[in-house]
Amino acid sequence: MQTLQDIEQVVNRAAAQRDNLVSQIAKRDQEIQATVTSVQAHEQVQALIQDTAKTVQEELRFHIQDLVQHALDTLLPGTYVFRVEFEVSRGKTSANLVLEKDGYPLEDILNECGGTVADIVGLALRVAVWTLARTDNTILLDEPGRHISAEFKPLFGELLQGLSEKLGIQFLVVSHDQAIIDYADRVFEVSQVDGVSRVRVKGGG
């Protein structure tokens, strides 16, 4: 027969077990809450990174897209549409450059206007990438616009001049094309006499 003291010991042990379980439950609740908080923080960081990436992508897209489109419209207004499209696949982002004419993407731009379009897009892309980097504001161009049709040469010279003024870039241009030379601020004529190169300052347009 259990005495009152025996029953009291049983109750005390049960109370101790209960207190231990309550403590474990409280500890587990804290761990769960900490995990939830960590997951939420991780999700918030991921969302912030994604938002930042989207913002940077949009800035890149507008910078490159607008500059190339401006170059195209300077020589061939309303004829071509240039777009930059970002695509995310397996956690990696790639940029697709799309050139359209009459609403259809062009597969090969080399034959457009005898190479004029390829030269314009190529120059504009180089300038766009150059201005994104922390580099000096001087670009050396060797015979730019060599594939541009004669009728567009003056407009090409005007484009170089406009980009220089708009973006604060100094173009050092090596060219034999007078239509382009006419837009230079300063002209240095290089000639060779008896195997010796001579440089003469001629001024600019």
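The values are calculated or read from the model by the stated rules, or taken from the named source; none is laboratory data. This structure is a prediction, so every number in the text was calculated from the model and none was measured. A quick note on method: Cβ atoms are made from the backbone with ideal geometry, for glycine too, and the neighbour counts reach across all protein chains shown.
Given the residues Glu87, Glu107, which is the only one that is modelled with pLDDT under 90 and part of a strand (DSSP E or B)? Full working, then the answer.
On the way: Glu107 fails: part of a strand (DSSP E or B).
Within the list Glu87, Glu107, the selection yields Glu87.
Could we say that Ile139 is of a type outside the set (S, T, N, Q), in a strand (DSSP E or B), within 20 Å of the chain's Cα centre (by Cα) and under 18 Å from Lys166 (Cα atoms) here? It would help to see each step written out before you state the result.
On the way: of a type outside the set (S, T, N, Q): yes; in a strand (DSSP E or B): yes; within 20 Å of the chain's Cα centre (by Cα): yes; under 18 Å from Lys166 (Cα atoms): yes.
So Ile139 fits the description; yes.
Do the conditions hold for Asp177, that is, is it among the acidic types (Asp, Glu) and under 21 Å from the mean Cα position of the chain (by Cα)? Let's see the steps before the verdict.
Values: among the acidic types (Asp, Glu): yes; under 21 Å from the mean Cα position of the chain (by Cα): no.
No, not satisfied.
Pick out the one residue from Val121, Val98 that is touching a residue at least 12 places away in the same chain (Cβ under 8 Å), in contact with a strand residue (DSSP E or B) (Cβ under 8 Å, 6 or more places away or on another chain) and part of a helix (DSSP H, G or I).
Val121
Out of Gln40, Gln9, Gln2, Gln44, report the one residue that is farther than 30 Å from Val127 by Cβ, modelled with pLDDT under 75 and outside any helix (DSSP H, G or I).
Details: Gln40 fails: outside any helix (DSSP H, G or I); Gln9 fails: outside any helix (DSSP H, G or I); Gln44 fails: outside any helix (DSSP H, G or I).
Answer to the selection: Gln2.
Could you please find all residues in region 140-191 being within 27 Å of His63 (Cβ to Cβ) and without any contact (Cβ under 8 Å) to a residue 12 or more places away in the chain?
Selection gives Ser164, Glu165, Lys166.
Sort out which residues of region 95-136 are of a type in the set (Gly, Ala, Ser), loosely packed, with under 14 Cβ neighbours inside 10 Å, within 20 Å of Tyr80 (Cβ to Cβ) and within 20 Å of the chain's Cα centre (by Cα), and write them in order of number.
Taking region 95-136 first, the residues of a type in the set (Gly, Ala, Ser) are 95, 103, 114-115, 118, 122, 124, 128, 133.
Still in the list and also loosely packed, with under 14 Cβ neighbours inside 10 Å: 95, 103, 133.
Imposing the further condition that a residue be within 20 Å of Tyr80 (Cβ to Cβ) reduces the set to 95, 103.
The one that is of a type in the set (Gly, Ala, Ser), loosely packed, with under 14 Cβ neighbours inside 10 Å, within 20 Å of Tyr80 (Cβ to Cβ) and within 20 Å of the chain's Cα centre (by Cα): Ala95.
In region 130-139, what residues are in contact (Cβ under 8 Å) with a residue 40 or more places away in the chain and of a type in the set (Val, Ile, Thr)? Break it down stepwise before answering.
Step one: list which residues in region 130-139 are in contact (Cβ under 8 Å) with a residue 40 or more places away in the chain, which gives 131-132.
Result: Thr131, single match.
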